């Protein structure tokens with residue numbers, strides 16, 4: 001059986017003919033292999049190896065195989081996804097929702113300490129506080145243990161961060177990781193992605209504090225041997241203590257881990273490499289992100305990401321500067337198909353939906369409950385200078401959206417909520433999808449995108465969609481959603497009339513000009 005034509009059209013629309021040809025051959029083999037593999041009750045819509053070794057301990061399997069054929073309701077409802085991305089089954093018992101920053105931090109430390117083959121971490125940046133140092137110390141202990149062992153395979157640690165954010169200030173992500181690069185040169189790799197859009201005069205003129213607005217490495221993946229945490233959280237003390245985010249742990253899912261490992265390595269290959277003397281260099285033969293030709297860099301980066309090793313597709317990866325738009329296309333289709341029989345809970349730490357997403361929400365039949373940060377739990381609340389006005393700008397955007405809802409008479413269908421929690425900030429994003437009559441979600445999106453302009457057009461992003469009939473996993477997702485929404489209040493017209501929600505005229509005037517940069 002050949003891959004569906006819609007899949008072929010999608011590939012040829014976003015890839016060069018050469019890359020598309022590789023994709024098509026891979027996908028044809030994938031779809032022919034469907035009926036030869038077995039699995040269980042959870043569909044993980046994350047890109048995995050197309051020609052994975054079907055060894056007994058590997059549990060992933062493409063959708064459409066024997067166990068999925070003839071399934072009513074859930075699988076049929078989301079069958080369109082399999083036309084766009086390879087879909088593999090993962091046992092629901094292997095997927096765990098983490099609910100707090102503390103759980104996230106402890107899970108990472110514990111798994112770094114026991115990792116035997118690989119630790120792969122992608123984040124915007126690594127902080128410089130005590131908790132971050134303890135995380136680095138865990139890596140050092142694991143590397144030293146592996147180095148001293150004559151029997152265990154040598155542990156490899158690969159870290160991918162953003163160059164601009166990771167190089168800010170004298171003490172920064174680079175200086176935190178530099179001792180590991182110096183002492184474990186053959187085992188340690190630190191890659192610093194630099195957007196190709198920050199170059200020339202723009203790079204000279206934009207202050208260091210604001211240069212990341214042009215575009216960053218925003219993927220949040222934390223991988224330990226064959227287990228992986230997908231999140232929106234960065235490696236910083238507030239994300240380990242009092243900054244609420246979302247986190248999903250997939251344990252013993254080798255092909256999922258292989259995919260994300262190779263994705264991080266592919267982006268790392270086109271990034272600047274941290275050297276023991278704190279300088280940075282490009283791998284031999286690679287185009288420099290801001291000194292080399294812009295088109296050549298993007299073409300080489302796209303080739304690395306799309307053709308790495310056995311060649312996979314990355315269905316929920318968004319790298320618009322490199323011409324990769326899988327996440328955007330799947331999310332748009334998901335919002336488009338959300339009919340009047342369904343309910344969508346959508347969260348974003350920074351409420352700034354793209355025009356397309358906003359149009360789909362306002363024009364859809366589904367019921368929406370959208371959760372965002374109240375001004376006092378916005379990460380920019382209390383910041384100095386212009387950044388301190390960003391919460392007010394988000395308030396202005398939220399009020400404009402709420403007014404549109406009211407003007408269209410959609411108040412019964414579209415509800416806006418704000419998260420409140422003293423001494424905390426809010427950074428959770430994603431969605432939970434409920435079919436008609438269901439009291440638990442059957443689908444979730446979880447990862448780094450905020451559904452805003454930057455996530456779609458500027459930054460490197462990745463998330464996964466999980467579709468499940470597993471009752472225990474559905475219960476975990478339901479509990480996670482309720483935990484977030486229980487700390488919220490619903491927005492009404494009176495919310496924006498309060499004195500503390502007053503938005504200064506200059507903020508209203510500049511918001512349309514700068515909303516695509518935050």
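The table below lists the values:
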quantity: Which listed residue, of 457, 417, is touching a residue at least 60 places away in the same chain (Cβ under 8 Å) and assigned to a strand (DSSP E or B); calculated: 417
quantity: Residue in the stretch 147-157 that is modelled with pLDDT of 95 or more, surrounded by 21 or more Cβ atoms within 10 Å (Cβ to Cβ), in contact with a helix residue (DSSP H, G or I) (Cβ under 8 Å, 6 or more places away or on another chain) and closer than 27 Å to residue 387 by Cβ present; calculated: no
quantity: Evaluation of residue 432 against (1) in a helix (DSSP H, G or I); (2) under 24 Å from the mean Cα position of the chain (by Cα); (3) closer than 21 Å to residue 244 by Cβ (one fails), failing number; calculated: (1)
quantity: Some residue of the stretch 386-399 being without any contact (Cβ under 8 Å) to a residue 12 or more places away in the chain and either under 19 Å from residue 488 (Cα atoms) or not in a helix (DSSP H, G or I) (or both); calculated: no
quantity: Filtered residue count, the stretch 486-517, keeping only those that are in a helix (DSSP H, G or I), buried (at least 16 other Cβ atoms within 10 Å of the Cβ) and within 26 Å of the chain's Cα centre (by Cα); calculated: 2
quantity: Test result for residue 449, over 17 Å from residue 350 (Cβ atoms), in the same structural domain as residue 392 (by TED's automatic domain parsing), modelled with pLDDT of 90 or more and part of a loop (DSSP other than H, G, I, E, B); calculated: no
quantity: Check on residue 222, in contact (Cβ under 8 Å) with a residue 24 or more places away in the chain, part of a helix (DSSP H, G or I) and within 18 Å of the chain's Cα centre (by Cα); calculated: no
quantity: Residue among 174, 168 that alone is over 29 Å from residue 472 (Cα atoms) and in a helix (DSSP H, G or I); calculated: 174
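The values are calculated or read from the model by the stated rules, or taken from the named source; none is laboratory data. Keep in mind it's a predicted model, so treat the numbers as computed, not measured. Cβ atoms come from the backbone with ideal geometry, glycine included; neighbour counts cover every protein chain shown.
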